[in-house]
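Presented below is the structure to which this report refers.
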Amino acid sequence: MQHSSSKQSKGRPRGFDPECALEIALDTFRRKGYEGASVDDLTDAMGISKPSMYRVFGNKEALFNKAMDLYETDIVSFSVVSLREPTARKVAESFLRGALDAQTRTGSKGCLGVLGSMAYSDDAHAVRANVLARLGAARAALASRLELARQLGDLPGNDPIDGLVSFLYALVHGMAVQAAAGVDRTALEDIIELGLRAWPASGIEGA
């Protein structure tokens, strides 16, 4: 009796590297968004079976949250680094240029924060809330740094701190959309230059 060969499951390949798989998942989420990336898309990209994905990373939401952790520490770490600059203007410039570097680096596919915040399906409420909470924490840290600059006399004027933070994020998110659409780096640098022209002058002489 001749037996028909059955297709074997991908399972968990020998030499499987969870860190590498997570990077692949992050890339998939950046290209397709949370809602657009199906479990099949993710397991096919990582080269593992669904049971293996659930065993190593948890469900799709848990995998996305782990991908967001990696995204924050690897791709958008500029948002933390920029806070160390000595003046508010340099904070703003470092923030914008760091975003540009992240958006135009080799293999960049899009802003995971923007994509995640636009997830509105019934099964994506927790994901959207998580992304917005992360964004809120980043905005609060930037606002705190600008408030300190104002107290030190480095950021004169009456422009509301929250408005300045929103201005920077509007530029960053707008650049992310344009970068994903294929706008070249030179054009995006022009946006930064125009944005910095609108930024309040430093109140510290020579800054």
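None of the figures in this text is laboratory data; all of them are computed from the coordinates on show. Keep in mind that what you see is a predicted model, and the values were worked out from it rather than measured. No Cβ is skipped: glycine too gets one built from the backbone with ideal geometry, and neighbour counts run over all protein chains shown.
Structure notes:
- Gyration tensor verdict on the stretch 123-207 (Cα atoms; rounded if a/c is under 1.5, prolate if a/b is larger than b/c, oblate otherwise): oblate
- Fluctuation leader among 117, 94, 52 - the chain, Gaussian network, Cα springs under 10 angstrom: 52
- Computed as a quarter of the hull surface, the mean projected area of the alpha carbon convex hull for the chain stands at 15.1 nm².
- Look at 63, 115 and count the other Cβ atoms within 10 Å of each Cβ; fewest to most, that gives 115, 63.
- Between helix 185-197 and the chain: long-axis angle, C-alpha atoms, 0 to 90°, nearest 10: 30 degrees
- Within the stretch 92-187, the chymotrypsin sites (Phe, Trp or Tyr not before Pro) that combine a DSSP coil assignment with at most 13 other C-beta atoms in a 10 angstrom radius are 120.
- Over the chain: helical MRE at 222 nm, DSSP H runs n ≥ 4 each giving -39500 (n - 2.57), nearest 500: -20500 deg cm²/dmol
- If R0 is 45 Å, the Cβ-Cβ spacing of residue 20 and residue 167 corresponds to a FRET efficiency of close to 0.75.
- The ranking of 43, 73, 87 from fewest to most other beta carbons within 10 Å of each one's beta carbon is 73, 87, 43.
- The calculated Kirkwood hydrodynamic radius for the stretch 45-96 is 13.2 Å, given to one decimal from all distinct C-alpha pairs.
- Phi-based couplings in Hz for the stretch 152-168 (Karplus 6.51, -1.76, 1.60; Gly and Pro marked x): 7, x, 7, 10, x, x, 10, 4, x, 4, 4, x, 5, 4, 4, 4, 5
- Neighbour counting of Cβ atoms within 10 Å sorts the residues 152, 70, fewest neighbours leading, into 152, 70.
- The long axis of helix 125-151 is offset from the longest Cα principal axis of the chain by roughly 20 degrees.
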